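**Student:** Pasting a structure here, questions to come.
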Amino acid sequence: MGRGLVLVGLIASSILFAQPKRVLYVTYTAGFRHDSIPVSIDVLRGLAPAQLEVTATEDLATITAESLQAFDAVFFFTSGELPISDGQKSALLEFVRGGKGFGGAHSATDTFYTWPEYKNLIGATFDGHPWTQRVRMMIEDPTNPIVSHLAPGFEIDDEIYQFRDFSRRRLRVLMRLDTSSVDLSAPGINRTDGDFASAWVQPYEQGRVFYTALGHFDSTWRDPRFQQMLRNALLWLTGQIEIPAHRVRRSNRGWPWATR
Ligand SMILES: [Zn+2]
């Protein structure tokens, strides 16, 4: 009984006094700038204030080995060639490799085309957006805690990305476009395999990476289903929820693209 009460007290105090984990949200754009950035900042700040303290910045000087020590994860809604030095790039990679989190939304893949390692970090390179319309999304890993709240075949209005430098050998895809909900003869389609992934995770040495291609419109950021996915992802990126390692590594066994 006494021991039980002590345990309850310890759990309660760890909940009451736990500090929120810190997320650096970078919205600097050197290319296209999305109108949804201000809404996205409000949304990320309000996701889970007791667990996630989100610092939004356009000051790229924050990306140094020293100042990143204050953060548990970095999240990008960026575009183009961000003007940071090779040393800053190394600092970001070492931050993630050492066990921290890196996440991105939408045009985070439309970023750093001339930095080869960046596409390995985030998982792919933007290659146009063939559709801007209501689409249906397939949930590929329905028991994964990041997307387990999403109904299979949920519909959403957004600008839908196509990727190159994308491989299921490296990434664990969580969500992809249901191609029966779009016109596959639309202009600008380069992929011939019908594989339009819209969210994935991967380990990056000791660190964790999450990306979602959604996020073009304010309405996406205001969508409670999208917000829940981001909340889950940021809690995972900051080590506040765990996903078994085999559900983070690539595989997608049983899906037609498993061998690619
Ligand atoms: Zn967009």
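The values are calculated or read from the model by the stated rules, or taken from the named source; none is laboratory data. Not measured: the values here are computed from a predicted model. No Cβ is skipped: glycine too gets one built from the backbone with ideal geometry, and neighbour counts run over all protein chains shown.
**Student:** Within the stretch 162-195, track down each residue that is in contact with a Ser or Thr (Cβ under 7 Å, 6 or more places away or on another chain) and either within 16 Å of Arg136 (Cβ to Cβ) or in a loop (DSSP other than H, G, I, E, B) (or both). Outline the logic, then answer.
**Tutor:** Taking the stretch 162-195 and keeping what is in contact with a Ser or Thr (Cβ under 7 Å, 6 or more places away or on another chain), we get 163-165, 172, 175-177, 194.
Asp165, Met175, Arg176, Leu177, Gly194, listed by residue number.
**Student:** Looking at (1) surrounded by 21 or more Cβ atoms within 10 Å (Cβ to Cβ); (2) in contact with a strand residue (DSSP E or B) (Cβ under 6 Å, 6 or more places away or on another chain); (3) of a type outside the set (A, V, I, L, M), which one does Asp178 not meet, given that it meets all the others?
**Tutor:** Failing condition for Asp178: (1).
**Student:** Could you say which residue among Ala213, Ala151, Ala233 is more than 16 Å from the ligand (Cβ to nearest atom), small (Gly, Ala, Ser) and under 12 Å from the mean Cα position of the chain (by Cα)?
**Tutor:** Just one listed residue meets the conditions, Ala233.
**Student:** Since Thr220 meets every condition but one in (1) within 16 Å of the ligand (Cβ to nearest atom); (2) part of a loop (DSSP other than H, G, I, E, B); (3) β-branched (Val, Ile, Thr), which condition does it not meet?
**Tutor:** (2)
**Student:** Sort through Glu159, Glu155 and tell me the only one that's out of contact with any Phe, Trp or Tyr (no Cβ under 6 Å at 6 or more places or on another chain), of a type in the set (D, E, K, R) and either under 21 Å from Thr111 (Cβ atoms) or in a loop (DSSP other than H, G, I, E, B) (or both).
**Tutor:** Exactly one residue qualifies, and that residue is Glu159.
**Student:** Tell me which residues, restricted to the stretch 128-142, are surrounded by 19 or more Cβ atoms within 10 Å (Cβ to Cβ) and either among the basic types (Lys, Arg) or within 16 Å of the ligand (Cβ to nearest atom) (or both).
**Tutor:** Answer for the stretch 128-142, where residues must be surrounded by 19 or more Cβ atoms within 10 Å (Cβ to Cβ) and either among the basic types (Lys, Arg) or within 16 Å of the ligand (Cβ to nearest atom) (or both): Pro130, Trp131, Val135.
**Student:** Only one of (1) surrounded by fewer than 21 Cβ atoms within 10 Å (Cβ to Cβ); (2) closer than 27 Å to Gly80 by Cβ fails for Trp200. Which number is that?
**Tutor:** Answer for Trp200: the failing condition is (1).
**Student:** Sort out which residues of the stretch 28-46 are under 13 Å from Arg231 (Cα atoms) and either of a type in the set (Ser, Thr, Tyr) or in contact with a helix residue (DSSP H, G or I) (Cβ under 6 Å, 6 or more places away or on another chain) (or both), and write them in order of number.
**Tutor:** Within the stretch 28-46, Ser40, Val43 qualify.
**Student:** Still on this model: Find all pairs meeting these conditions: Cβ atoms under 7 angstrom apart; at least six residues apart or on different chains; first residue within the stretch 25-37 and under 12 Å from Phe112 (Cβ atoms) and among the small types (Gly, Ala, Ser); second residue near the ligand (Cβ under 9 Å from one of its atoms) and in a loop (DSSP other than H, G, I, E, B).
**Tutor:** Note: pairs meeting the criteria are Gly31/Asp110.
**Student:** Now a separate question. Looking at the stretch 76-101 only, could you name the residues that are more than 16 Å from the ligand (Cβ to nearest atom), crowded, with 17+ Cβ neighbours inside 10 Å and in a loop (DSSP other than H, G, I, E, B)?
**Tutor:** Leu82, Ile84, Lys100
**Student:** Quick check on the stretch 156-171: of everything there that is under 16 Å from Thr212 (Cβ atoms), touching a helix residue (DSSP H, G or I) at 6+ places or on another chain (Cβ under 7 Å) and among the charged types (D, E, K, R), which residue is surrounded by the most Cβ atoms within 10 Å (Cβ to Cβ)?
**Tutor:** Asp158
**Student:** Can you name every residue in the stretch 102-127 that is away from the ligand (no atom under 16 Å from the Cβ) and part of a helix (DSSP H, G or I)?
**Tutor:** Pro116, Glu117, Tyr118, Lys119, Asn120, Leu121
**Student:** Continuing with this model, one more query. Starting from residues that are within 16 Å of the ligand (Cβ to nearest atom) and aliphatic (A, V, I, L, M), keep the ones in the stretch 154-181 and report whichever is farthest from Trp115 (Cα to Cα).
**Tutor:** Ile156
**Student:** Of all residues in the stretch 168-206, how many are closer than 26 Å to Ile241 by Cβ and among the polar types (S, T, N, Q)?
**Tutor:** Of the residues in that region, 3 qualify.
**Student:** Does any residue of the stretch 19-30 turn out to be more than 16 Å from the ligand (Cβ to nearest atom) and modelled with pLDDT under 95?
**Tutor:** Scanning the stretch 19-30 turns up at least one residue that is more than 16 Å from the ligand (Cβ to nearest atom) and modelled with pLDDT under 95.
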